[in-house]
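Worksheet for the structure shown next.
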Amino acid sequence: MTTDLAFDWPQHFAHRAGRMTASEIRELLKLLDQPDVISFAGGIPDPHQFPRDAFAEAYGTLLGDPANARIALQYSVSEGYRPLKQWLAGHMEGRGVPCTEDNILITAGSQQGLEFLGRLLLSPGDTALVAAPTYLGALQAFSAYEPAYDVLGLDRGNATPEAYRERAAGAGGAVKFAYLVPDFANPTGDTVPLAARHQVLDLAAALDIGVIEDAAYQALRYDGAEVPSVLALDIARTGSIERSRTVYAGTFSKTLAPALRIGWLCAARPLIDKLVLVKQASDLHCATINQMVMYRVAKATYDDQVKRVRTAYAARRDAMLAALARHMPAGVRWTRPQGGMFVWVTLPDTVDGAALLARAVAQARVAFVPGKAFFATDAAANTLRLSFSLASEAQIDEGIGRLGRLIAATA
């Protein structure tokens, strides 16, 4: 008689593990290894735009000096490298957010910041207000903590504080925060107008909740007038960051380079102080050497680098909008972003984005992200997200042409 001694891990997972699902985007990124596929899937920065020489010089300088190398290769404080935090405080002040280094926590990309906020603010059954659609990574970060979701719909007649409270109570908890990507949102590319940003703050005040401002794309504006950040508007109302209800999640991933995994949260001290404890329990601190390098590169190149990537991505945005106008059949609609990396496409009601993707990869060798993944509730299946940041202008025209012909044959 033989006994199976294999341990069955899944039956020992916590209940929340059932809400942890694979990202469709991360899975689609595997297509990048197939050179004949034109990918509009991941929101991937163009590696040709990275300031490689500046990074090489910074790493070499740090490791070439024994005193700096000892610091760079050592454990560090959880709050983050002080000179980098000081630079970020100055950067935020330039964006209308007067603050000090004590209002900054360095995180492993803004994604870690979102996960920390979900961990700190959500109890099972609590409600998070999110746009429809919204950033898939935020839903993954929050969902492990077993929340309910409600739509942050300021143009809806039933989007009253009382209605939100009633629905949250029905779900077994309370409304905890509103989450939004106000500038060139992932996935739609839309920007929240100034009046609507004030509406978000009004709603948050009425509900007595926090606001999470995901500013990953704020620096990538190609045209149109800049709109103040939600945190800047909040501080203008309250008089101080210490009185504000908004937490700003920023990142260097879209401007300098994603691989160093350096982002930051900017908020009132009571929130930052508690988040430092979450950081300690999670990974102690971000890589010291990466923080030191990012400080040197940001200090030396940030403004010039932002201008460089804006120029490159604006040309690709224009190429994609022109290609969509040329190649898409009647009945297809799309957004016209003023910045960021994405265009959101709405297909005829009879076309399912996920089914279209399977055919697009197999028949047209084109990839994108089906829109359904970006909805917390009531998903619109006839949608898709296109990213223009990585493909060349020639690839954009060719890929959109292939996709347009496939949609015309499908609809």
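DSSP beta bridges in the chain, what fraction antiparallel, as a percent rounded to 5? If you can, show how the numbers build up before the last one.
Values: 18 of 35 bridges.
Roughly 50 percent of the DSSP beta bridges within the chain come out antiparallel.
Using a 10 angstrom Cβ neighbour count of at most 13 plus a DSSP loop assignment to flag exposed chymotrypsin sites (Phe, Trp or Tyr not before Pro), which longest range of the chain is free of such sites? Please report the intermediate quantities before stating the final value.
Values: sites that count: PHE7, PHE13, TYR75.
My reading of the result: 76-411 is the longest stretch.
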Gyration tensor over alpha-carbon atoms, the stretch 216-361, equivalent ellipsoid semi-axes in Å: 35, 20, 19
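Compute the relative contact order of the chain as a whole-number percentage, counting only Cα pairs closer than 8 Å that sit 6 or more residues apart in sequence. Working shown, then result.
On the way: 759 pairs, mean separation 95.4, N = 411.
Here the relative contact order equals 23 percent.
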Calculate I(q)/I(0) for the stretch 74-130 by the Debye formula, one identical point scatterer on each C-alpha and no solvent, and give its log10 at q = 0.24, 0.25, 0.27, 0.31 Å⁻¹ to two decimals. -0.99, -1.02, -1.07, -1.18
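Output the peptides 66-72, 254-260 sorted from most to least packed, where packing is the average of other Cβ atoms within 10 Å over each peptide's residues.
On the way: 66-72: 12.3, 254-260: 21.3.
Most protected by this proxy first, the peptides run 254-260, 66-72.
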Around VAL227: net Lys/Arg minus Asp/Glu count, Cβ-Cβ under 15 Å: -4
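I'd like the FRET efficiency for ARG308 and ALA411, computed as 1/(1 + (r/R0)^6) with the beta carbon distance as r and R0 of 45 Å, rounded to 0.05. Present the calculation step by step, with values, prior to reporting the outcome.
On the way: r = 39 Å, r/R0 = 0.87.
Efficiency computed from Cβ-Cβ geometry: 0.70.
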Using a 10 angstrom cutoff on alpha carbons, build the Gaussian network for the chain and name the most mobile of PRO348, PRO35, PRO45. PRO35
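Would you please give the FRET efficiency between THR61 and GLU93, computed as 1/(1 + (r/R0)^6) with r the Cβ-Cβ distance and R0 = 25 Å, to the nearest 0.05? The partial results should precede the final answer.
Values: r = 27 Å, r/R0 = 1.09.
Working from the Cβ atoms, E equals 0.35.
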So which residue, out of ARG19, ARG296, ARG261, gets the largest mean-square fluctuation from a GNM of the chain using Cα contacts under 10 Å as springs? ARG19
Going 7 Å from the Cα of ARG19 toward and past its Cβ, which residues in the stretch 125-151 have a backbone nitrogen under 14 Å from where you end up? 125-130, 138-150
Could you tell me which residue out of GLY189, GLY399, TYR75 lies farthest along the dipole of the chain toward its positive end? Charges go on the beta carbon: Lys and Arg +1, Asp and Glu -1, centred on the Cα centre. GLY399
Just to confirm my numbers, what's the Cα centroid distance between the stretch 292-360 and the stretch 122-185 in Å? 26
Apply the a/c threshold of 1.5 to the C-alpha gyration tensor of the chain and tell me whether it is rounded, prolate or oblate. rounded
Cα→Cβ-extended label distance, 7 Å offset, between THR238 and ALA358, nm: 4.9
Would you mind computing, in nm to one decimal, how far apart the modelled labels at ALA6 and ALA281 are, each placed 7 Å from Cα along Cα→Cβ? 3.4
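Readers should treat all values here as calculations from the given coordinates under stated rules, not as data from a laboratory. Note that the structure is predicted; figures quoted are calculated from it, not measured. So basically every Cβ, Gly included, is an ideal-geometry build from the backbone, and we count neighbours across all protein chains shown.
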